1. All but one of (1) touching a helix residue (DSSP H, G or I) at 6+ places or on another chain (Cβ under 9 Å); (2) under 24 Å from CYS101 (Cβ atoms) hold for HIS31; which doesn't?
2. Could you please find all residues in region 95-105 being within 23 Å of ALA15 (Cα to Cα) and open to solvent by 70 Å² or more (accessible area, probe 1.4 Å)?
3. For ALA52, all conditions in the list (1) at positive phi; (2) in contact with a strand residue (DSSP E or B) (Cβ under 7 Å, 6 or more places away or on another chain); (3) not charged (D, E, K, R) hold save one; what is the number of the exception?
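The values are calculated or read from the model by the stated rules, or taken from the named source; none is laboratory data. Just so it is clear, the model here is predicted, and its values are computed rather than measured. Neighbour counts run over all protein chains shown; Cβ positions are idealised from the backbone, glycine included. Quick note on the areas: whole protein, heavy atoms, side chains included, nothing else; ligands and nucleic acids left out. Shrake-Rupley method; radii C 1.70, N 1.55, O 1.52, S 1.80 Å.
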Amino acid sequence: MAKAHSLRVTAAAAAELGRHAAVAGTPGMMHLDLVDGRCERWAIRLRPGHLAGTPIARADGITLYAPAEQLNLLSGLSLDYRGDISGGGFLVRPGEGTVTCACGTAFSRSGGGRQATQ
C-alpha cells in the first residue's frame, strides 16, 4: 500500500467498519468507492468485502479497499465515525485542497480531482 495513496481511518471508524464487516460475513474487509454526492462532488459509499479493490488503509484489524482509479481522490483524507443516541454515520475529514459539505459526508477536490472516473 503506497503512502501517497493512503486514507487515514480513525479508531472510531475502524471499530464501526469492523462491526459492519463482521455482520456481513467478511471480517476485516470493507470496500469504499466514490459516488456522485449531492452537496459536494463526491460521496463515500462503504460495502463489505474487498470487491477487487486495492488496499488503501489498514487500522485496528480492518483493511479498507477502493478502486485503483479513485486513489488520487482519497489521498490525504480521513474517514471518521460519529455516533450518538439518535444514530451515527461516517464522516470525511478534509485534507489539503479538499472541501467538505456541512453534513461531512461528501467532498470536492480543488483542481483536477473532479475528472476521475468511477
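1. Just one mismatch for HIS31, condition (1).
2. CYS103
3. The single condition ALA52 does not satisfy is (2).
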